[in-house]
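The values are calculated or read from the model by the stated rules, or taken from the named source; none is laboratory data. All of these numbers come straight from a predicted model, not from anything done at the bench. Cβ placement follows ideal geometry from the backbone for every residue including glycine, while neighbour counts extend to all protein chains displayed. Calculation scope for accessible area: heavy atoms of the full protein, side chains included, ligands and nucleic acids excluded. Shrake-Rupley method; radii C 1.70, N 1.55, O 1.52, S 1.80 Å.
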Amino acid sequence: MLPHDSVMWIVHNGFIDTEKHFQPIDQLKAAADRLGVEAKVVTNNSIGSWIDGGIRIHDLPEKVLFWDKDVRLARMLESAGGKVFNPSAAIEAADDKSLTAILLSEAGVPMPETVIAPVPSGFSGYGDAGFIDRAAAMLGEPFVLKECHGSYGRQVHLFDAEEAKAYVSKIGNRPFLMQRYVSESEGRDVRVHVVDGEVVASMERVAPQGDFRSNVTNGGSMSAYEPSADECDIAIRATEALGLCFAGVDILRGADGPLVCEVNSNAHMRNILNCTGVDVAEHIIRMICDA
């Protein structure tokens with residue numbers, strides 16, 4: 001049994017009701033139970049919170065495992081005195097792919113060449129989006145277009161300039177970025193899980209036939225993988241650059257070395273468990289108890 005003085009909250013989004021959503025929540029709760037940690041699963045829409053000369057939250061424990069992207073609530077939990085894992089600023093940085101790219105660049109973490117699209121004012125939309133032609137000239141075609149907010153590869157596309165302009169004409173003012181297509185990675189990437197500054201598990205993912213995205217949710221396959229020293233290094237550096245305590249880092253194999261594709265603040269853990277036998281959830285619970 002691990003030492004603990006109070007109940008730990010595991011916070012998740014109460015507006016989502018899918019099996020995939022609950023898999024990591026159940027995995028974290030099971031890990032806590034095995035380790036003798038009293039963990040209470042609560043939803044973001046069930047937490048009593050208000051502002052009255054300060055942030056007030058009912059029955060707030062000392063430590064909160066925040067498995068959600070409701071950064072405002074995470075910040076309120078911190079302001080009310082809770083130790084939140086991951087911190088609100090880190091969740092915000094990981095959830096916005098443009099902020100991720102900026103922070104990785106500032107930290108010198110290698111990633112594909114990136115162009116962050118300007119954001120239109122109000123509801124004007126992107127108009128003729130001539131800036132996409134300039135981006136295509138720098139990145140080459142096709143290039144990868146990513147909406148800044150999204151999960152499971154759903155908002156990630158491989159486009160030429162005209163396809164990109166047609167797409168953004170329909171998305172209102174949702175922010176996005178464009179990146180060089182790392183064709184040498186050939187529809188493969190490496191998912192590396194980092195907890196408390198250490199690589200704890202990794203796997204290689206391969207895209208299904210006809211798709212460039214390697215997400216297992218979209219039909220990709222997976223196999224256990226031993227990352228290189230360079231891959232471990234950039235996964236750890238990327239996690240630290242965003243201020244994350246734990247993360248799933250997706251790495252592409254570039255012609256000149258590994259490149260960070262994305263950083264996930266609450267990466268799904270069932271696939272890596274099935275693939276490698278490593279329970280990342282247990283590493284996370286131990287890290288929080290020791291913090």
Name the residue that is farthest from VAL190 (Cα to Cα), counting only residues in segment 237-254 that are within 14 Å of the chain's Cα centre (by Cα) and not in a strand (DSSP E or B). GLY243
Filtered residues of segment 189-210 (kept if farther than 23 Å from GLY243 by Cβ and surrounded by fewer than 19 Cβ atoms within 10 Å (Cβ to Cβ)): VAL206, PRO208, GLN209, GLY210
In segment 182-196, which residues are in contact with a strand residue (DSSP E or B) (Cβ under 9 Å, 6 or more places away or on another chain) and either more than 20 Å from THR100 (Cβ to Cβ) or touching a residue at least 60 places away in the same chain (Cβ under 8 Å) (or both)? VAL182, GLU184, SER185, GLU186, GLY187, ARG188, ASP189, VAL190, ARG191, HIS193, VAL195, ASP196
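If only one of SER98, SER121, SER88 is under 25 Å from PRO175 (Cβ atoms) and touching a Cys at 6+ places or on another chain (Cβ under 9 Å), which one is it?
Result of the check over SER98, SER121, SER88: SER98.
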Criterion: open to solvent by less than 60 Å² (accessible area, probe 1.4 Å) and not basic (Lys, Arg) - qualifying residue of LEU60, LEU99: LEU60
Would you pick out the residues in segment 35-56 that are at pLDDT below 95, surrounded by 13 or more Cβ atoms within 10 Å (Cβ to Cβ) and of a type outside the set (A, V, I, L, M, F, W, C)? SER49, ARG56
Any residue in segment 236-255 that's farther than 24 Å from VAL206 by Cα: show its pairings with residues that are of a type in the set (D, E, K, R) at Cβ separation under 7 Å, as long as the two are six or more apart or on different chains. CYS245/ASP196
Helices (runs of 4 or more DSSP H) wholly in segment 81-193 with at least 1 residues that are within 20 Å of the chain's Cα centre (by Cα) - which ones? 88-95, 97-106
In segment 255-279, how many are outside any strand (DSSP E or B) and β-branched (Val, Ile, Thr)? 3
